[in-house]
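J.: A single structure is presented below for examination.
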Amino acid sequence: MHEVSKQTIETAQKHAQKSIEHSKEIQELGKSLQTDDQIEPEEKERMEAYGETMHEHAQKFQYLAHRLTEDPSADVFSEAVEEHIKVNQAHIEAIKEFQKIEPPA
């Protein structure tokens, strides 16, 4: 059975922490839009929902990244990577949504 290196585990843990922080930023952005009357309520809700989705997957990613210290298997690493991908997919959707509501400079 292949084991994941300590360096890879540390990198995964750092990425997981950054994902948590970034998801909170997106959630806060969604909340801050609530006071903007020029933005449709549905758009505000979608933005905040993307932040929440990011946060859920980031928490799973963080859990799995920490679990790697006890079980550095390729299976756990693959699960962690899948959650990281889901965080990034939600982030992409949040960016697309934000671009719809934010007028070009």
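The values are calculated or read from the model by the stated rules, or taken from the named source; none is laboratory data. Please read these numbers as outputs of a predicted model, since none were measured by experiment. With ideal geometry, Cβ positions are generated from the backbone for all residues, glycine too; neighbour counts draw on all protein chains shown. Surface accessibility is based on the protein's heavy atoms, side chains included, excluding ligands, DNA and RNA. Shrake-Rupley method; radii C 1.70, N 1.55, O 1.52, S 1.80 Å.
J.: Just one of 85, 39 is assigned to a loop (DSSP other than H, G, I, E, B) and among the aliphatic types (A, V, I, L, M); which is it?
T.: Result of the check over 85, 39: 39.
J.: Also: Working carefully through the options 53, 35, find the one that is surrounded by fewer than 18 Cβ atoms within 10 Å (Cβ to Cβ) and either aliphatic (A, V, I, L, M) or out of contact with any Leu (no Cβ under 9 Å at 6 or more places or on another chain) (or both).
T.: Of the residues listed, the single one that is surrounded by fewer than 18 Cβ atoms within 10 Å (Cβ to Cβ) and either aliphatic (A, V, I, L, M) or out of contact with any Leu (no Cβ under 9 Å at 6 or more places or on another chain) (or both) is 35.
J.: Condition check: in a loop (DSSP other than H, G, I, E, B) and either open to solvent by 60 Å² or more (accessible area, probe 1.4 Å) or under 14 Å from residue 25 (Cα atoms) (or both). Does residue 70 satisfy that?
T.: For residue 70, the condition - in a loop (DSSP other than H, G, I, E, B) and either open to solvent by 60 Å² or more (accessible area, probe 1.4 Å) or under 14 Å from residue 25 (Cα atoms) (or both) - is met.
J.: Which residue, of 13, 17, 7, is at pLDDT 85 or above, assigned to a helix (DSSP H, G or I) and over 21 Å from the mean Cα position of the chain (by Cα)?
T.: Criteria check complete, one pass: 7.
J.: Which residue, of 29, 64, is assigned to a helix (DSSP H, G or I) and farther than 30 Å from residue 2 by Cα?
T.: From the options 29, 64, the qualifying one is 29.
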